[in-house]
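A quick write-up on the structure given underneath.
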Amino acid sequence: MSNGTNLAALVKGPTRRQAIAGVAMAFGGLTLGSAKAWAGTEEKISHSAEAIHQEPVFKASRKRVYDALTETKQFDKIIIL
């Protein structure tokens, strides 16, 4: 056997595929670590409480409300309010 093949057999470093996979796993671990930090800030919102639900009641016909929402001139008047 030649010295080149024996030397390569003794070194046994990671292959290119193993190195790329290792780097990808390291970045994935960093990403998961930062996701845990973000999860802590959302604890202020209660997901077990009832949600606020509002239904506005307008003293107008359905056609008048529809026209007010779809016609530009009438909608501009609503925005001003």
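The values are calculated or read from the model by the stated rules, or taken from the named source; none is laboratory data. Note that the structure is predicted; figures quoted are calculated from it, not measured. Heads up, the Cβs are rebuilt from the backbone with ideal geometry, glycines too, and the neighbour counts pull from every protein chain shown.
Sub-7 Å Cβ pairs linking a first residue in segment 46-73 that is among the small types (Gly, Ala, Ser) to a second residue that is modelled with pLDDT of 90 or more, at least 6 apart or interchain, are Ala68/Gln74; Ala68/Phe75, ordered by first then second residue.
For Ala8, the conditions (1) surrounded by 10 or more Cβ atoms within 10 Å (Cβ to Cβ); (2) at pLDDT below 80; (3) within 30 Å of Leu81 (Cα to Cα) are fulfilled apart from (3).
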